[in-house]
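Step one of this worksheet: look at the structure below.
No lab work stands behind these numbers, since they all come straight from the coordinates. In this text, all values refer to a predicted model and were calculated from it rather than measured experimentally. Note: ideal-geometry Cβ built from the backbone for every residue, glycine included; neighbour counts use all protein chains shown.
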Amino acid sequence: MKKMNNRKGFTLAELLIVVAIIAVLVAIAIPVFTSQLEKAREATDIANIRSAYAEVVVHYLDKADNISIKVPVRQRVKGVQTSPAPVLVYQGGGSQAQYGLTDAMKSKTSGSYTVKMNINSSTGVGTPVVQ
């Protein structure tokens, strides 16, 4: 029988070092992934609010009555994760509206947002609001 002097392969120590390096990389990646996931949930909330906002305005302009739409909250961490924090603002007179989460909405981690028209009883003019 011929004895093999030329052994090829990895030693146990080398394999343990590789496993340790992979474990460190995973430990670093998990918080980063969680943060990005929360930012995605927040972006989903903002997109859903924007969609409901548009639907309420179109319904008001088309049918001249008020509807209320509930948008479920997706974010799970209190406080706004995106930077800078978006704010929901409506400016009348043809100005643009910016969509996002107000200070009151930042702490919501369950339930839903309500999008509806605030109709002035004396003028009949409606202003969309999110609560």
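Some points to look at:
- Net lengthening on full extension, ALA13/VAL129 (0.36 nm per residue, minus Cα-Cα): 35.5 nm
- Each residue, LEU61 and THR44, gets one label point 7 Å from its Cα in the Cβ direction; the gap between the two is 2.9 nm.
- A DSSP coil position with no more than 12 other Cβ atoms inside 10 Å describes the following trypsin sites (Lys or Arg not before Pro) in the stretch 1-53: LYS2, LYS3, ARG7, LYS8.
- Cα gyration tensor shape of the stretch 19-84, rounded if a/c is under 1.5, else prolate or oblate by comparing a/b with b/c: prolate
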